[in-house]
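Just below is one structure, and these are the notes that go with it.
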Amino acid sequence: NIRLYINGVQVGTASIGAASIWQNTVRNLYLFGAWQNTAGSTGLNGYVSNYRLVKGTCLYPGGTTFTVPTTPLTNITNTSLLTCQSSQFIDNSTNAFTITTAGNTQPVPANPFGMTAWSGYFDGTGDYLTVPNNAAFNLGSGDATIEAWVFPASGGQTCGIFDKRLVGANYSQFPQVA
């Protein structure tokens with residue numbers, strides 16, 4: 001099951017099948033971009049800060065609300081990826097994965113915590129991040145938490161926040177910001 005929270009309040013739930021993006025073991029991880037660069041699809045036009053993927057831990061179990069962090073996220077137990085926090089796109093988890101930008105994605109000093117932290121800015125036209133395929137991103141059927149501060153610059157957008165689908169896979173099977 002997937003639970004979606006906005007500003008600490010649960011706003012939706014969904015179930016996904018076993019044969020989904022969670023078990024793709026061959027594809028790189030794509031973040032905040034157009035759906036696999038599919039013609040006619042769009043990426044995020046806005047900002048992302050403190051993107052954290054925690055494999056094996058559900059940080060907000062069961063409840064319908066939680067207190068939104070007021071300081072930058074940290075590298076906690078089971079953190080697979082922690083990025084969009086500094087003046088470079090780097091992985092601040094112990095994995096230190098290489099992050100590659102596409103388009104003119106760039107770090108900017110805009111975030112929810114004041115001017116001491118950074119965000120990634122995506123202009124919605126070909127911008128996204130990729131991280132090489134790794135078992136740390138194969139979520140399977142276990143617990144996981146994907147969290148970030150996302151500030152869209154305009155409404156009416158849909159983009160993937162975690163995308164490891166095989167080419168041609170169903171677009172509805174991956175978490176999206178809409």
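Please treat every number below as a calculation from the coordinates, not as lab data. Note that the coordinates shown come from a computational prediction; the quantities given were computed from them, not determined experimentally. Glycine also receives a Cβ, built like all others from the backbone with ideal geometry; neighbour counts cover every protein chain displayed.
Highest average first, the peptides 101-110, 142-151, 5-14 ordered by how many other beta carbon atoms sit within 10 Å of their residues are 142-151, 101-110, 5-14. With a Förster radius of 41 Å, plug the Cβ-Cβ distance of T71 and T100 into 1/(1 + (r/R0)^6) and report the FRET value to the nearest 0.05. Step by step, r from the Cβ atoms, then E = 0.90.
Kindly state, to the nearest 0.05, the FRET efficiency for Q88 paired with L59, given R0 = 25 Å and r defined as their beta-carbon distance.
Result of the calculation: an efficiency of 0.45.
Label-to-label distance, A110 versus N7, with points set 7 angstrom from Cα along the beta-carbon direction: 1.9 nm.
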